[in-house]
1. Working only within region B:72-96, note down all residues that are facing chain A (nearest Cβ under 9 Å), out of contact with any Lys or Arg (no Cβ under 6 Å at 6 or more places or on another chain) and without any contact (Cβ under 8 Å) to a residue 12 or more places away in the chain.
2. Within region A:71-96, which residues are in a helix (DSSP H, G or I) and small (Gly, Ala, Ser)?
3. Hey, could you check region B:75-106 for residues that are more than 24 Å from A:Ala82 (Cβ to Cβ) and aliphatic (A, V, I, L, M) and say which is surrounded by the most Cβ atoms within 10 Å (Cβ to Cβ)?
4. Mind counting the residues in region A:238-284 that are part of a loop (DSSP other than H, G, I, E, B) and basic (Lys, Arg)?
5. Test A:Asp381 against the stated conditions and say whether it is within 14 Å of chain B (Cβ to nearest Cβ) and surrounded by 17 or more Cβ atoms within 10 Å (Cβ to Cβ).
6. Going by the structure shown, is B:Ser276 more than 16 Å from B:Cys348 (Cβ to Cβ), among the small types (Gly, Ala, Ser) and either in contact (Cβ under 8 Å) with a residue 12 or more places away in the chain or surrounded by 24 or more Cβ atoms within 10 Å (Cβ to Cβ) (or both)?
7. Would you pick out the residues in region B:165-184 that are facing another protein chain (nearest Cβ under 7 Å), of a type outside the set (Lys, Arg) and not in a helix (DSSP H, G or I)?
Protein chains: 2
Amino acid sequence: MRFTYECCDCGTVYETDEVFYQCPSCAKENDGTSFPKGNVIVKLNKEDVEKLAKQDHVTMYDFFPYPVPDKDAYPVGGTPVAKPKRLASKYGLKNLVCKLDSALPSGSFKDRASQLIAAQALYHNQHKIALASTGNAGAAMSCAGAAYGLEIVLFVPATAPVNKLMQSVLYGATVVPVKGSYDDAFALSIAYTDEFGGINRNTAYNPMTIEGKKSVSIELFEQLGRKIPDVVYVPVGDGCIFAGVYKGFYDLKEAGLIEKVPKLVCAQSKQSNAISNAWKSGGFTNLPKATTRADSISVESPANGRMAVRYIKESNGWATEVDDGEILDAQFELAKEAGIFVEPAAACAWAALRSDSEMLREKFGEEVEVCCLLTGTGFKDMAVFEGKVSIPEAIDNSKEAVRKRFS
Amino acid sequence: MRFTYECCDCGTVYETDEVFYQCPSCAKENDGTSFPKGNVIVKLNKEDVEKLAKQDHVTMYDFFPYPVPDKDAYPVGGTPVAKPKRLASKYGLKNLVCKLDSALPSGSFKDRASQLIAAQALYHNQHKIALASTGNAGAAMSCAGAAYGLEIVLFVPATAPVNKLMQSVLYGATVVPVKGSYDDAFALSIAYTDEFGGINRNTAYNPMTIEGKKSVSIELFEQLGRKIPDVVYVPVGDGCIFAGVYKGFYDLKEAGLIEKVPKLVCAQSKQSNAISNAWKSGGFTNLPKATTRADSISVESPANGRMAVRYIKESNGWATEVDDGEILDAQFELAKEAGIFVEPAAACAWAALRSDSEMLREKFGEEVEVCCLLTGTGFKDMAVFEGKVSIPEAIDNSKEAVRKRFS
């Protein structure tokens, strides 16, 4: 099977039947001073894709470069599309939907990438996958590894919160804490696969992660009755999920199933806004320090930032920034007024959407169809609520005490 | 709309258009010395049910006594059916499936009951629902309340773990800790609805909880291609989920869609085996103390025990007991060899199934179709792993350290 890759930066096209990561000429320019270059885009065979337009129904698997074996062993996809009626009415957006990827097997959107990486490994007869992560990506890959019987070697910064790593340990991954940063863990994971072989699953390195992530858009298209929303809000850190969402819609357009990609909104924390900043300024400057509490989207030099900025523009989208207070408030609001419990990174998308709600109504009308992509469950980090939420005082065990409490 | 209820114990039939809880004559016999009496079974209109056999496809909503408004506001159902290939091969059960109800909105099976109770409240123009719970049921009802804008009043024993209550507080419920046991909280929640009105959602009290829970069986029937498994393993505490699973299959049989209810296996911890004990002994003796670490199924006097024992017999099923060590081991195995991370109560079903695997193969053959019902996510209680799982030592930030670690 031959695969075609196009460098997002220089446009060079590579064709190979081997595993391929980055554009070698662009990647060697990277010196850490600005957003990295050299990420490649997987190009599907145009003729194959066009055939899909004739099908009554498409699935993510129709658009995947690799066949996924034993799909039910690791059931990725089919996550609910919620219509949160109270929030829709509160913000005057009657066609609001939330895509609940928090319901995926390991509790985050990252299962979408891990499914295809597992398929890639199995296709190339590799039984070992290495990656760097501080949380969701590591857990998702470890979950897939457990389901398929693949060995997962996970490099993590030693300072990563224990609870976030516990999940990967439980799934049986070989967890290797590194006395260094995430970037150090990233570099060592590449050193590991260079020396010991196996597939490297790092996001913004292995282009198949974006191919896996694109599945959300294909699924959404079918779930909404073969239609796409007008606007989709995506929480953004390094820009890989954003690129995945774009690529899914792009492939649907290539197939002739939709006419254009919806407007994609890059939702960022003001305390970690490198991509938004680059979109506004036109430059690709690393930011000094990301301090957002939304750890899954806390990034200074976004590894897929260049591609994300390009896709904001190509979708006619924009970037919306919110501060950490708004993110926490949005997280509470989703729980309290929709019954949707997500992690802070996911809540960032909702915080951005609701802060844009008046503009959305004015610009596109009250019928505008808006989707909020919720990428991770709230259960993984209950510590975020400490000191902010408390359990009320106990009452005596008597009917009189109940009467007193409620009268 | 008229509803028909039949007392599980004396067989008296009640017809009413009001909310109805228990058989008044049997319930007044309850003195705390043995399993409670008086729970009623909702009987559907036979003619209506038989019409369903003509449909190409049925959903849980076809079998619900109440219409569910705004289903997408609180998307319950459609949980994955996983085929854990590694475990299937390890235990020689090629047709093994796991129903992952851990993926429901609040992270547990209890969302199924809460959806129908919310519908019941809305149908009767009630906007307040009270219940007693120490964990999942409270969180699920609070989640539904947030989605629909209903007031939830949740009575909990003051000793319940803070983390288990936090989720309900986040969903906006009025949480009322009671200086007493779960039974005390149960009694006070009834005192509350008697005095202040609203719907009472207590399991083994409001029969609609079982009607909601039955949805899992109807869903499974469609997901398996309009077939049912031969055997279904259900984790059992008070017997309500078990009764729900039975009722779903029973209604399918009433509709003529299946010929018989599958064999239902009551999976219990040896440290909380009241129902298993009653099934074996024929008596309904309360047990002195339930000490299992699987908190969701730790019960001394199972409130729906009589109905559960009846349904074990009527399904030609049986009870399998496992100890807490086996439950923890099963929890690890599901994570490590299937990528399925569930709470201890859910793992009890898997522990029972794998301990029966040889018998299943011998008695029913290797082709036997077995389903394991996994009722709750593992994320809600990470403390269970303390001291049992640890993160490895950190390595230095160098390629040399990686080489040393893996050579």
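Coordinate-derived values only; no laboratory data. If you're wondering where the values come from, they're calculated on a predicted model, not measured in any experiment. Here the Cβ positions follow ideal geometry from the backbone for every residue, glycine too, while neighbour counts run over all protein chains shown.
1. B:Lys85
2. Selection gives A:Ala73, A:Ala88, A:Ser89.
3. Taking the candidates together, the pick is B:Leu96.
4. Qualifying residue count, region A:238-284: 2.
5. Yes; evaluated as a whole, the condition is true for this residue.
6. no
7. Passing the criteria: B:Tyr171, B:Gly172, B:Val175, B:Val176, B:Pro177, B:Val178, B:Gly180.
Condition check ((1) away from chain B (no Cβ under 14 Å); (2) under 28 Å from A:Cys348 (Cβ atoms); (3) touching a strand residue (DSSP E or B) at 6+ places or on another chain (Cβ under 6 Å); (4) assigned to a loop (DSSP other than H, G, I, E, B)) across all residues:
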residue: A:Glu18; (1), (2), (3), (4): yes, no, no, yes
residue: A:Asp31; (1), (2), (3), (4): yes, no, no, yes
residue: A:Glu47; (1), (2), (3), (4): yes, no, no, no
residue: A:His57; (1), (2), (3), (4): yes, no, no, yes
residue: A:Pro69; (1), (2), (3), (4): no, no, no, yes
residue: A:Cys98; (1), (2), (3), (4): no, yes, yes, no
residue: A:Pro105; (1), (2), (3), (4): no, yes, no, yes
residue: A:Ala113; (1), (2), (3), (4): yes, yes, no, no
